[in-house]
Amino acid sequence: MKFNEKLIKLRKEKGLSQEELGYQLNVTRQTVSKWELGQTTPEMDKLLEMSKIFGINVDDLLDETKEIKSQTEENKTNKSIKKIIIIVSVVLVILILLGIVGMKITDRLFNNVLDKSKEGTDMVMDIWETGANMMDQYEEKVEKEKKDTMDQFNQFSNQINEEFEQQVEEAKDEYNEIMKQIQEEYNQGLEKVNQLMQ
């Protein structure tokens, strides 16, 4: 792009008339008109003043191989870059939050399972000790009493198993509820990202 074409473009983007630009450069409107028609070229001191007015380098003004981006184009580019940065930041934050929530859920679930297992083991051991003591006490009694004792022991064991299975089911339900909540939060995050990208 030639110098005179650049000058016209920059002046119009600034919203300046030839007379207003001439006033700022301390020259007449006719001088500015000659520059824009390509009839004359401004001296170096005027080029320096122009570069300050338009916010560009003198080299950019004189080099015909360089195109001058309009302020609108630069603003669009800057907005696009900012939008991409915001989207990437939101995605990273969502991923980090999901990782933290996942770690907390896994830790909580693991601790719950350990607690339930320990409770179940302790209960089984208590029942076992009770059964063993009962068997020792009634060792000399008739076979029927031993059979009754074993039936009672089996009943206690079945009860323990049922309670343990119920606790495991409750832990599963809690896990499924938490995972459902995470999925909903994840979907909301995706919707926000999609909204930002539109």
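The numbers here are math on the coordinates, done by the rules we state, and not lab data. None of the values given here were measured: they were computed from a predicted structure. Cβ placement follows ideal geometry from the backbone for every residue including glycine, while neighbour counts extend to all protein chains displayed.
If you take every residue apart from Trp128 with its C-beta less than 14 Å away from the C-beta of Trp128, what net charge results, scoring Lys and Arg +1 and Asp and Glu -1? Present the calculation step by step, with values, prior to reporting the outcome.
Working: positive: none; negative: Asp122, Asp126, Glu129, Asp136.
Net charge around Trp128: -4.
Using the Karplus curve 6.51 cos²θ - 1.76 cosθ + 1.60 with θ = phi - 60°, what ³J(HN,Hα) values do you get for each residue of the range 14-22, in whole Hz, with x for Gly and Pro?
6, x, 9, 7, 4, 5, 5, 5, x
Using only DSSP helix segments of four residues or longer, with each worth -39500 (n - 2.57), what per-residue ellipticity at 222 nm results for the chain after dividing by its residue count and rounding to 500?
Values: 7 runs with 167 residues, N = 198.
Mean residue ellipticity at 222 nm (helix-derived): -29500 deg cm²/dmol.
Using 7 Å Cα-to-Cβ label points, what is the Thr121/Lys192 separation (nm, one decimal)?
Taking the two extended label points, one gets 4.3 nm.
With the dipole of the chain worked out from charges on the C-beta (+1 for Lys and Arg, -1 for Asp and Glu) around the Cα centre, which of Leu196, Ile105, Ile81 lies farthest toward the positive end?
The Cα lying farthest towards the positive end belongs to Ile81.
With an 8 Å Cα cut-off and a minimum separation of 6 or more residues, compute the relative contact order for the range 76-197 in percent.
So the answer I get is 46 percent.
Beyond a 19 Å Cα-Cα separation, which of these cross-linked pairs lie in this structure: Lys6/Lys52; Lys118/Lys146; Lys104/Lys192; Lys2/Lys34; Lys9/Lys46; Lys118/Lys180?
Check vs 19 Å cut-off fails for Lys118/Lys146; Lys104/Lys192; Lys118/Lys180.
Cα centroid distance between the range 40-58 and the range 128-198, in Å?
Centre-to-centre distance over Cα atoms comes out at 83 Å.
Note down the nm distance, to one decimal, between modelled labels 7 Å out along Cα→Cβ at Ser157 and at Asp60.
8.6 nm
Given 10 °C and 1.306 mPa s, how large is the Stokes-Einstein diffusion coefficient of the range 76-197 in µm²/s, with Rh as the Kirkwood radius over Cα pairs?
It diffuses with D of about 83 µm²/s by this estimate.
Could you list Leu10, Leu98, Leu37 in order of exposure, starting from the residue whose Cβ has the fewest other Cβ atoms within 10 Å?
Leu37, Leu98, Leu10
Taking the Cα centre of the chain as origin, work out the dipole magnitude from +1 charges on Lys and Arg Cβ and -1 charges on Asp and Glu Cβ, in debye rounded to 20.
2540 debye
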